[in-house]
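Only one structure is covered here, and it is reproduced in the block below.
The values are calculated or read from the model by the stated rules, or taken from the named source; none is laboratory data. What you are looking at is a predicted structure, and each value in this text was computed from that prediction instead of being measured. Quick reminder, even Gly has a Cβ in these numbers, built from the backbone with ideal geometry, and neighbours come from all protein chains shown. Note: accessible area is taken over every heavy atom of the protein model, side chains too, but ligands, DNA and RNA are not part of it. Shrake-Rupley method; radii C 1.70, N 1.55, O 1.52, S 1.80 Å.
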Amino acid sequence: MSFNWRSAGNLRRALSSSRSPISRSFKQTRLNSSSSSASQNPQLPKSTGLSTAWYALSLTLFAGAGYLIGNVGVLPPSTSLVESSFAISHQLANQPKYGNKKDYENAILELFKLFKEKGKEDKVSIDDEDLESHGISDWSYHEAKKPTVVVWVNSTEEVQQVVKIANKFKVPITPFSGGTSLEGHFSSPYGGISLDLSGMDKIIRVSEADGDVIVQSGVKWEDLNAYLVKEGVPLFFPLDPGPGATIGGMVGTGCSGTNAVRYGTAKAEWFLNLTVVLPSGEVIKTRQRARKSAAGFDTTKLFIGAEGTLGIVTEATLRLAPLLPTKCAVVNFPGVEDAVKAATEVVNAGFPVQCVEYLDASTIDAINKGGMVKKSYPKADTLFFKFQGSDSAMSEVSKNVQTVVKKHGGKNFEFSKSDEEARSLWEGRKAALWSVLALKDGAKVWTTDVCVPISKLPRLVKETREDFEKRGIIACHFGHVGDGNVHSLALFTNDKELKIVENAVHDMVERAIKLDGTCTGEHGVGIGKIDYLPLELGNGTVNLMETIKRTLDPHNLMNPGKIYPNIKPQH
């Protein structure tokens, strides 16, 4: 949209429509000591000058320590690592503060001025429709709030300029790109700037010889792989989260996908280096392009999984993998325990498996009813396999896998003999999410994920399925059984059912953590999983992460309200 001074009314309305979070008050306890009269002061003992000096020094040190303890509530949060109980209570009593309403207004005016000078007035918007789409997701049911302004950027330089304006007026920034996250990652709980990087979608350089590619952070992983095929490059980027996910978001959540059992997650060596705009506005490059480096610790990893809270990724160098022929297989089992035992044995045997996906009987039923695939599958707990290699090698592997799954009650083993058959078999797995909605008319779906050690997966799925059924929830469970990651999709049609689902998901997450698992295998923390981090990681680890956050982003400008349970800005 364009902006003129008559838009001031719209600006004021945008500011007032951005809901502020529930304010929290913290009691500050001070240890005050009343001073006695001079006549009551004790007489210093007679001694040498040296002992008197030591006595005075001791009094000074004790007084200083007492002052620090008594005035803990007025000290700024520490950027030094201190004992977690002290650090957390201190953080809760000393929250960061953002600019006032006038500061927000001035920041927006300066953004409009900056982009008008570039001839890009339409790249800054306070229209309610833009604010809504950049703060509230149709796929997330956590509390969501709109930003105050949306800014579309096309370069690292523009990101840097926006960050400097945010610093000047103490206005928070929330990165936005694909908008596919499920845990409230791009909600703006304190208003501020939604920084849209979706226009940064250039594939800058492909090096087939080095097996890498340099891209901007708004590139979608599917578009990258399609581009490589089009250019005749026999390589691909193997991380495959949900459709529409962009490289920047994949870095932020530490993503993975169906290929994780073969290629690992984002926290493997798939991101060779990153270009990052830090909260200070400085631009850094985390590494060179070499496949490995022992030059200090790997700062690239610092930003993977940080969800845009430590800096904004604008470019990335990605490692690519050889694009090999693939075939698929599908097999049914009497129950989840049999399916998981079979999958575990196949993976541990070292067979060249690219994917091992588990779908429960309810998910298979949904796929059949959804009408999105041509094939009909038996309603049973099912494993989907994807193999890699030459035709002869994959044919041999499929025979060995078939032998293994038979030991665990596997039936109706079906192996694709052509690329077309492989696509047809795998269609069922790809259609799982959308097909679940067919199980209940007018329903919405709550999607969540957890991850446990593979041996604990049968118990997790069994207990979760029984718990959901007991509560009357229609739900499906599926996931990457090769690495213990399970996704649960629960349907609801009204607020009452939503509350039941929310409670069931809470119990599922705690169940996974008690099984030595994690509250999220690949969706990330965002707003939805933030309260589980102390339970899963402990206060010491949470405090370590919060200390890093305070050090890099002392004003808490970058994607506030995510990951750090004890940093709750006042606004």
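Okay, here's what the table says:
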| item | result |
| --- | --- |
| C-alpha center-to-center spacing [segment 342-379, segment 202-240] in angstrom | 28 |
| Taking the convex hull of Cα positions in segment 450-509, its mean projected area over all directions (nm²) | 3.6 |
| Relative contact order [Cα under 8 Å, 6+ residues apart], the chain, whole percent | 16 |
| Calculated FRET value between Trp139 and Asp531, using beta carbons and R₀ = 22 Å, to 0.05 | 0.65 |
| Total lysine pairs whose alpha carbons fall under 18 Å of each other in segment 203-322 (8 or more apart, or interchain) | 6 |
| Largest to smallest principal axis extent of the C-alpha atoms in segment 124-216, angstrom | 47, 33, 19 |
| Solvent exposure, largest accessible area first (probe 1.4 Å, DNA, RNA and ligands not counted), of His477, His571 | His571, His477 |
| Whichever lysines have a C-alpha closer than 17 Å to that of Lys499, once near sequence neighbours (fewer than 8 apart) are set aside | Lys444, Lys470, Lys529 |
| Reachable lysines from Lys120, criterion Cα separation under 23 angstrom, eight or more residues apart if same chain | Lys146, Lys164, Lys168, Lys202 |
| Segment 511-560 versus segment 438-491: alpha-carbon centroid distance in Å | 23 |
| The chain, Cα convex hull volume normalised per residue, Å³ | 213 |
| Listed pairs Lys375/Lys399; Lys379/Lys456; Lys341/Lys379; Lys399/Lys440; Lys145/Lys456 exceeding 28 Å between Cα atoms | Lys399/Lys440; Lys145/Lys456 |
| Using θ = phi - 60° and Karplus 6.51 cos²θ - 1.76 cosθ + 1.60, couplings along segment 459-468 (whole Hz; Gly, Pro as x) | 5, 4, 5, 4, 5, 5, 4, 5, 5, 4 |
| Per-residue HN-Hα couplings for segment 164-173 [Karplus 6.51, -1.76, 1.60; θ = phi - 60°; Hz; x = Gly/Pro] | 5, 5, 4, 5, 4, 10, 6, 10, x, 10 |
| Debye intensity ratio in log₁₀ form over the Cα atoms of segment 203-322, taken at each q of 0.10, 0.11, 0.14 Å⁻¹ | -0.27, -0.32, -0.53 |
| Cα-based convex hull volume of segment 326-524 per residue, rounded to whole Å³ | 106 |
| Cα coordinate range in segment 434-571, projected on the principal axes (Å, largest first) | 48, 37, 23 |
| Dipole magnitude of the chain, debye to nearest 20 (Cβ charges: Lys/Arg +1, Asp/Glu -1, about Cα centre) | 1160 |
| Which of Cys519, Cys451 is most accessible, then next, and so on - probe 1.4 Å | Cys451, Cys519 |
| Sequence ranges 140-153, 490-503, 87-100, ranked by mean other-Cβ count within 10 angstrom, highest first | 140-153, 87-100, 490-503 |
| Approximate spin-label separation Trp434-Lys202, in nm, with each point projected 7 Å along Cα-to-Cβ | 3.3 |
| In sequence order, calculated HN-Hα J values of segment 80-87 (Karplus, 6.51, -1.76, 1.60; Hz; x Gly/Pro) | 9, 6, 10, 3, 4, 4, 5, 4 |
| Per residue value of the accessible surface for segment 326-524 (all protein chains in place, 1.4 Å probe), Å² | 42 |
| 1.4 Å probe accessible area per residue over segment 203-322, in Å² | 38 |
| Other-chain or far-sequence residues with amide H under 5 Å of Leu323's (modelled H) | Leu235, Phe236 |
